[in-house]
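Heads up: the structure comes next, in structure tokens.
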Amino acid sequence: MEVAIIKYNAGNIYSVECALRRLGIDPVVSDSPEVLLRADKVLFPGVGEASSAMAYLRKHGLDWVILNLTQPVLAICIGMQLLCSHSEEGDADCLGLFDTKVRRFVPQTDGQKVPHMGWNTLHNLRGPLFKGVDEGSYAYFVHSYYAPVSTDCVAQCDYITPFCAALSKDNFYATQFHVEKSGAVGVRILENFLAL
């Protein structure tokens, strides 16, 4: 099985590579349209800023490539946000696969810190990504922006407000949390993705 990780100017690719290698997968990291389009599975991870990430994707033609992938795709963190229609971060128009606008967390009390960082619980789980994952399982989050709950939401979390912890549509799966840093739960989700 050929697994590709999309190479662009948003970090954390190494930790995703390591997580896949622990599962016996030797992924290729590439920004080549040919490599990405022929891979059996594609991962779209990232840590960064939405407007600059979108500018890079457009400049290198990766926006078109991502939207034309027909194999299973797993987006992680900012990768998920970039699949949405718009982000308040840098007032960025994004890829528009999910018809939802990414918003910034606005603290309601002094104790609510932004970014949302650390372990939090997953609820309302559905779909093949969460096979064998229990309601209330913990996953690891680091983010200041969130996708509101929508019809494409396949997992929810609550921090300041309920938000989408995961989205799914057609062959695209996306998690706001870092599967590669979420312990046994993250391993199970990666295994489920690789089995699609």
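The values are calculated or read from the model by the stated rules, or taken from the named source; none is laboratory data. Given the structure is predicted, the values throughout are model-derived calculations rather than measurements. Cβ atoms come from the backbone with ideal geometry, glycine included; neighbour counts cover every protein chain shown. Surface accessibility is based on the protein's heavy atoms, side chains included, excluding ligands, DNA and RNA. Shrake-Rupley method; radii C 1.70, N 1.55, O 1.52, S 1.80 Å.
Here the stretch 77-120 is assigned +1 on the Cβ of each Lys and Arg and -1 on the Cβ of each Asp and Glu. Its dipole about the Cα centre then comes out at about 160 debye. Here the Karplus curve 6.51 cos²θ - 1.76 cosθ + 1.60, taken at θ = phi - 60°, turns the phi angles of the stretch 17-28 into couplings of 4, 4, 4, 5, 5, 5, 9, x, 9, 10, x, 9 Hz, with x standing for Gly and Pro. The aspartates and glutamates whose alpha-carbon is closer than 16 Å to the alpha-carbon of Lys131, local same-chain residues fewer than 8 away aside, are Glu191. Taking the charge dipole of the stretch 1-90 about its Cα centre, with +1 at Lys and Arg Cβ atoms and -1 at Asp and Glu Cβ atoms, the residue from Ser87, Leu62, Leu43 reaching farthest to the positive side is Leu43.
With the cut-off at 25 Å, tell me which of the pairs Lys41/Lys113; Lys59/Lys113; Lys41/Lys181 have Cα atoms farther apart than that. Over 25 Å apart, Cα to Cα: Lys41/Lys113; Lys59/Lys113.
Computed over the chain, the range of Cα coordinates on each principal axis works out to 48, 37, 28 Å, biggest value leading. Using a 4.7 Å Cβ-Cβ cutoff, the cysteines of the chain lacking any partner cysteine are Cys18, Cys77, Cys84, Cys94, Cys157. Taking amide hydrogens as placed 1.01 Å from N in the peptide plane, the amide H of Phe105 sits under 5 Å from those of Tyr145, Tyr146, each at least 5 positions away in sequence or on another chain. Charging the Cβ of each Asp and Glu at -1 and of each Lys and Arg at +1, and nothing else, the dipole of the chain about its Cα centre rounds to 180 debye. A simple rule links phi to the HN-Hα coupling: the Karplus curve 6.51 cos²θ - 1.76 cosθ + 1.60 with θ = phi - 60°, which for the stretch 188-196 gives 4, 5, 4, 4, 4, 4, 5, 8, 5 Hz, with x for Gly and Pro. When the Gaussian network model of the chain links Cα atoms closer than 10 Å, the mean-square fluctuations of Leu23, Leu74, Leu43 top out at Leu23. According to the calculation over all Cα-Cα pairs in the stretch 68-161, the P(r) per 10 Å bin from zero is 14, 45, 34, 6, 0 %.
Rolling a 1.4 Å sphere over the protein heavy atoms, what is the accessible area per residue of the chain, to the nearest Å²?
For the chain, the solvent-accessible area averages 43 Å² per residue.
Taken about its Cα centre, the stretch 119-196 carries a charge dipole of roughly 60 debye when the Cβ of each Lys and Arg holds +1 and the Cβ of each Asp and Glu holds -1.
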